[in-house]
1. Tabulate in residue order the Karplus-calculated ³J(HN,Hα) for the stretch 46-60, using 6.51 cos²θ - 1.76 cosθ + 1.60 with θ = phi - 60°, rounded to whole Hz; enter x for Gly and Pro.
2. Give the share of C-alpha pairs in each 5 angstrom bin for the stretch 73-188, from 0 to the last occupied bin, in whole percents, shortest bins first.
3. Given N residues in the stretch 145-221, what is Rg(Cα) / (2.2 N^0.38 Å)?
4. Would you compute, from DSSP H runs of 4+ residues alone, the mean residue ellipticity of the chain at 222 nm, taking -39500 (n - 2.57) per run and dividing by the full residue count, rounded to the nearest 500?
5. Write down the Kirkwood hydrodynamic radius of the stretch 1-92, to one decimal in angstroms, obtained as one divided by the mean of 1/r over all alpha carbon pairs.
6. Can you sort Cys178, Cys80 so the residue with the fewest Cβ neighbours within 10 Å comes first?
7. Using amide H atoms built 1.01 Å from N in the peptide plane, name the residues 5+ places from Leu130, or on other chains, whose amide H lies under 5 Å from its own.
8. Based only on the alpha carbon positions, what is the Kirkwood hydrodynamic radius of the stretch 8-209, in angstrom?
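Computed from the coordinates by the stated procedures, all read-outs in this text should not be read as laboratory data. None of the values given here were measured: they were computed from a predicted structure. Methodologically, a virtual Cβ is constructed for each residue, glycine included, from the backbone with ideal geometry; neighbour enumeration extends over all protein chains shown.
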Amino acid sequence: MCLKNTPQVKICGLTEIDAAVKCAELGADAIGIVFHSKSPRFVRDERAREICLALPERVKRVGVFVDATFTSIMQKIERCGINAVQLHGNEHPQLAEELIKEGFVVIKALFLERKPSFEDAVKYQASAFLTECGKGTLPGGNALSWEWEKAKIISDQYPLILAGGLTPENVFRAVSLCLPDAVDVSSGVEFSPGIKDIERVKLFIMNVSESSHAKRPWRIF
């Protein structure tokens, strides 16, 4: 999907096999599957494996974890077929380092308004950093837009995935503000938690593909 100077796209919080396949067909570079049991988008192992098996090889299968142990993450990888890990809690930098050594793409979430903060990026070995505001009751973006330009401090130094409150209507502007290497959307393309509106997914990916980028982005996925 991605042109040389446009961000990659991750569609997160998939719970349905058909929807995941449709997102891939529309050009998504990565699909996120949530293993945090308190999330409304939580997916059990059997369904996660079915989603992973249905996706084309080129699409990264990203498991989203919150303060999980190395052992439990490795078990999910083996059972479900994910090949990238997103750490979305207050994980110790050693966990990211161990997963990197295992050869996985590792995404570490950083937050504007809580720990780990943008300044904590120096502590982690990661393939990329995902930035969000950090307000709300759930570890994820909670559908809240924020001052995306503040993530430029990350994109100037590291591969950046921009998240938090993105929609088909605002993603073009968000990309122009901080020049991310990838964008991540969940609630902005949903009917309800975990149930994607495929027409909005299509519009989101189209608007990302039309955005401009001052530098050639990192290929994260």
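1. Coupling constants for the stretch 46-60: 4, 5, 4, 5, 4, 5, 4, 5, 7, 7, x, 4, 5, 8, 6 Hz.
2. Histogramming the stretch 73-188 at 5 Å steps yields 2, 12, 23, 23, 20, 13, 6, 1 percent.
3. For the stretch 145-221, the normalised Cα radius of gyration is 1.07.
4. Helix contribution divided over all residues of the chain: -8000 deg cm²/dmol.
5. 13.3 Å
6. Ascending number of Cβ neighbours within 10 Å: Cys178, Cys80.
7. Answer set, sorted by chain and number: Lys108, Ala109, Leu110, Ile161.
8. 16.5 Å
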